[in-house]
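Enquirer: Questions regarding the structure given below will be posed in turn.
Please treat every number below as a calculation from the coordinates, not as lab data. This one's a predicted model, so the numbers in the text were calculated from it and none came from an experiment. Note: ideal-geometry Cβ built from the backbone for every residue, glycine included; neighbour counts use all protein chains shown.
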């Protein structure tokens with residue numbers, strides 16, 4: 001049973017990482033595109049990037065939290 | 001010197017990331033006060049969720065306020081902030097699960113998800129304000 005919990009935690013972390021990896025990649029590419037087109041908007045775009053990165057990161061962080069709970073506390 | 005410090009403080013309070021962290025702080029206070037009515041362990045769990053969410057948020061805030069070098073798009077700064085936030089969150093999660101006992105897991109994760117949703121609420125509120133202009 002303990003091995004299965006470890007495997008489940010690993011799958012949870014991995015799937016969350018895949019989703020956020022794709023999201024952050026797309027976001028970074030769009031940010032660079034925006035800065036290349038309008039460099040004068042760079043400070044505003046950077047702040048917006050930080051906020052949306054936090055939003056993209058929320059789901060894998062929750063997934064990692066749940067998997068850490070499964071690994072440490074179950 | 002004083003003018004520089006007050007300018008920095010002005011930049012800090014104007015930042016939307018500061019608004020998010022402040023909203024999360026307020027939400028933590030509300031959640032823990034609500035839980036304290038029913039159960040002390042639940043209130044502690046809500047506070048722990050708040051700490052796990054707010055401390056990495058403060059780190060991101062500090063990194064985002066660093067001045068950007070001219071010609072640098074600032075992507076490395078954003079990634080440094082995010083990686084630091086992620087690492088801090090994982091470390092705090094591990095610390096909470098190892099050292100805080102007893103812990104009401106349902107309240108802990110419920111508060112944590114609610115605090116993460118504060119970002120979406122602030123974004124929605126900001127876009128609505130922009131549309132009204």
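Enquirer: Using the Kirkwood radius built from alpha carbon pairs, what does the Stokes-Einstein equation give as D for chain B at 20 °C and 1.002 mPa s, in µm² per second? Display every interim value, and only then the final one.
Expert: On the way: Rh = 16.4 Å.
So the translational diffusion coefficient is about 131 µm²/s.
Enquirer: Could you tell me which of rounded, prolate or oblate describes segment B:13-87, using a ≥ b ≥ c as the square roots of the eigenvalues of the alpha-carbon gyration tensor, with rounded for a/c under 1.5 and, failing that, prolate when a/b is larger than b/c and oblate otherwise? Walk me through the numbers on the way to the answer.
Expert: Details: a/c = 5.72, a/b = 2.59, b/c = 2.21.
Note, shape of segment B:13-87 comes out prolate.
Enquirer: Can you tell me the orientation of helix A:42-73 relative to chain A, as the angle in degrees between its alpha-carbon axis and the longest Cα principal axis, to the nearest 10?
Expert: Between helix and principal axis, roughly 0 degrees.
Enquirer: Please list the equivalent ellipsoid semi-axes of the protein assembly as shown, computed as the square roots of five times the alpha-carbon gyration tensor eigenvalues, in descending order and whole angstrom.
Expert: Values: eigenvalues 201, 95, 45 Å².
Sorted largest first and rounded, they come to 32, 22, 15 Å.
Enquirer: Would you mind checking the tilt of helix B:105-132 against the longest principal axis of the Cα atoms of chain B, expressed as 0 to 90 degrees and rounded to 10?
Expert: Between the helix axis and the principal axis of chain B, the angle is about 30 degrees.
Enquirer: For the pair residue A:37 and residue B:109, what calculated FRET efficiency results from E = 1/(1 + (r/R0)^6), where r is the Cβ-Cβ distance and R0 = 30 Å, to the nearest 0.05?
Expert: Numbers: r = 41 Å, r/R0 = 1.36.
The calculated FRET efficiency here is 0.15.
Enquirer: Go ahead and estimate [θ] at 222 nm for chain B from helices alone: -39,500 (n - 2.57) per DSSP H run with n ≥ 4, summed, over the residue count, rounded to 500.
Expert: Numbers: 5 runs with 114 residues, N = 133.
Using -39500 (n - 2.57) per qualifying helix, the result is -30000 deg cm²/dmol.
Enquirer: With axes computed from alpha carbons, what is the tilt in degrees of helix A:2-37 against the longest principal axis of chain A, rounded to the nearest 10 within 0 to 90?
Expert: That helix lies at roughly 0 degrees to the long axis.
Enquirer: Would you mind listing how long segment A:23-74 runs along its three principal axes, going by Cα atoms, in whole Å with the largest first?
Expert: 51, 16, 10 Å, listed from the longest principal axis down.
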